[in-house]
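Here is the structure we will look at.
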Amino acid sequence: MTIEVDIAILGGGPAGYTAAIRAAQLGKRVVVVEMGRLGGTCLHQGCIPSKSLLRSAEVYQTVRQAERYGIHVSADRIELDYTRVSARKQETVDQLHRGLQSLMRKHEIPIIQGKGRVIGPSIFSPRSGSLAVELEDGEMETVVSKHLILATGSKPRRLKGLEPDGHKVMSSDDAIVMKELPRSLLIIGGGVIGVEWASMMSDFGVDVTLIEAASRLLPGEDAEVSAEADKLLQRRGVRVLTGITIDLSTFKTTEEQVSIQVDTEAGRVQLEAERVLVSVGRDARVQGIGLENTDVRTEGGVIPVNSMMQTSEPHIYAVGDVNGGLQLAHAAAHEAIIAVEHICGLAPQPLEAHRVPRAIYSRPEIASIGYTEYEVAKRGYEIKTGKIPFAAIGKAWVRGETEGFVKVIADRATGDILGVHIIGPGATDMISEAALAQLLNATPWEASQAIRPHPSLSEALGEAMLAVDGHALAY
């Protein structure tokens, strides 16, 4: 069977389904080919299920600390039911999956369930970019399209010598479907995923060790935020080791535990835990999708694109994790809109990476937009900064969450906001206000003039904007 469309999309994650919806809105015939479940990694193995688990961990800790709020809870009656935690996670995923399917039906977007591969020129099309799809029943289907959008996403990166077995050695995909909590967990990789899992597992009562090869946790974030995250995790009992080198030859696993030796500044240390989670990044899915049948170029394991998301074959676009840009669902969705609008002859604005907010859903949350202080120094800016601790904000005391701060970095010459970095309660929601300020080219003074409700956590951002010029009122 052969289907002819204007735009074929390979991959049904945030990039793929966003591209499909925008294309349908613009009157294009579109089809999505997805070998797994609609929604991709974000909905089924990443963003949504992990945040559901993090929420359960947060609630569990809130109940355990209820005495602080004048609520007496008998300690022997607080029980964590991880089976129910997992069930709630799946209920959340399933509900959103049904909503997404309904959205596809609303826009009359067909979904082909099967493994798609790009094919070269054929009797159906004079150029590469069509898809051969192996359906679940083994039958084949051909999708002929004028344009192709590759949105195949990414998968957990493997560490040679520590390949996941799904039990003792886990990837984040394995960890998300754990049936029961381990007593102890060694997390290899102190980036976003590693920090989120360390926070979550610690809140669930797991003995956590977190190790990172770089000199600090979250090396992509501002150094002050990294230091604060390290301090707060350790205060909660997480053992954090940075600047380490792993000796993979020492890795051993038994029925009871895993062990491995690492080199630190203080010498060699043997680490032991019931399980190990390897979170050392993600690799683009470029293998097995038929790129060899095209002139699409790959570089360093990703598909390079121009500002409109075009590959080296202009009618083939690549969006999301597969193109080597920001590995964020919201960035992928925005890239998808750019690609579709360009195909449709519109003039979308290119994506500027420094205008994309980043969010880490640990406790406390971490969020940022723009450049770090190190990055602005490399670019030669002369800067001024403002920093306000949440301990200066009334709503933080009301919530009982006074750790962390808001930091604003501005260009001393122009007043432009160069970066905003938040670690503290509500950070992942508050960063949107900073994103809007940056989009509108507001100066810190202009951003500070928005009247914020009192008491609210957003006052911290307003005060940090004032602090840039030494005008903070609360600190």
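Here are some notes:
- When the alpha carbon coordinates of the stretch 364-467 are projected onto the principal axes, the ranges are 40, 25, 19 Å, largest first.
- Charge dipole of the chain (Cα centre as origin; +1 on each Lys and Arg Cβ, -1 on each Asp and Glu Cβ, all else neutral): 420 debye, rounded to the nearest 20.
- The label point for K252 and the one for V398, both projected 7 Å from the Cα toward the Cβ, are 5.6 nm apart.
- Expressed to the nearest 5 percent, the antiparallel share of DSSP beta bridges inside the stretch 1-137 is 45 percent.
- Distance (nanometres) between label positions extended 7 Å along Cα→Cβ at E292 and T83: 4.8
- Against the main long axis of the alpha-carbon atoms of the chain, helix 458-467 sits at an angle near 80°.
- Kirkwood hydrodynamic radius over Cα pairs of the stretch 59-130, then Stokes diffusion coefficient at 20 °C and 1.002 mPa s, in µm²/s: 121
- Mean Cβ neighbour count within 10 Å, used as a protection proxy, ranking 303-314, 239-250 highest first: 303-314, 239-250
- Length available on full extension from A391 to V269: 0.36 nm per residue minus the Cα-Cα distance, which gives 40.2 nm.
- Between the alpha-carbon centres of the stretch 256-273 and the stretch 128-205 there is a gap of 26 Å.
- Under DSSP loop assignment and at most 11 Cβ neighbours within 10 Å, longest GluC sites (Glu not before Pro)-free interval of the chain: 383-475
- Over all directions, the projected convex hull of the C-alpha atoms in the stretch 3-83 averages 8.2 nm² in area.
- Think of the stretch 25-124 as a dipole: +1 on every Lys or Arg Cβ, -1 on every Asp or Glu Cβ, centred on the Cα centre; then among Q101, A57, G120, G120 lies furthest on the positive end.
- Between the Cα long axis of helix 427-439 and the first principal axis of the chain there is an angle of about 70°, rounded to the nearest 10.
- Separation of the A223 and R183 label points, Cα + 7 Å toward Cβ, nm: 4.1
- Reduced Cα scattering model of the chain, Debye log10 I(q)/I(0), q = 0.09, 0.12 Å⁻¹: -0.69, -1.17
- Cysteines not pairable in the chain (beta carbon separation under 4.7 Å absent): C344
- Once the Cα atoms are used to define both axes, helix 329-343 deviates from the longest principal axis of the chain by about 30 degrees.
- 222 nm mean residue ellipticity, helices alone, for the chain (DSSP H n ≥ 4; -39,500 (n - 2.57); rounded to 500): -9000 deg cm²/dmol
- Plainly put, the stretch 158-280 has a radius of gyration that is 0.93 times its Kirkwood radius, both from alpha-carbon atoms, as the Rg/Rh ratio.
- Net length gained if the chain between I451 and Q90 were fully extended (0.36 nm per residue, minus Cα distance): 126.0 nm
Coordinate-derived values only; no laboratory data. Being a predicted model, the structure only gives us computed values, none of them experimental. We place every Cβ from the backbone using ideal geometry, glycine too, and count neighbours over all the protein chains shown.
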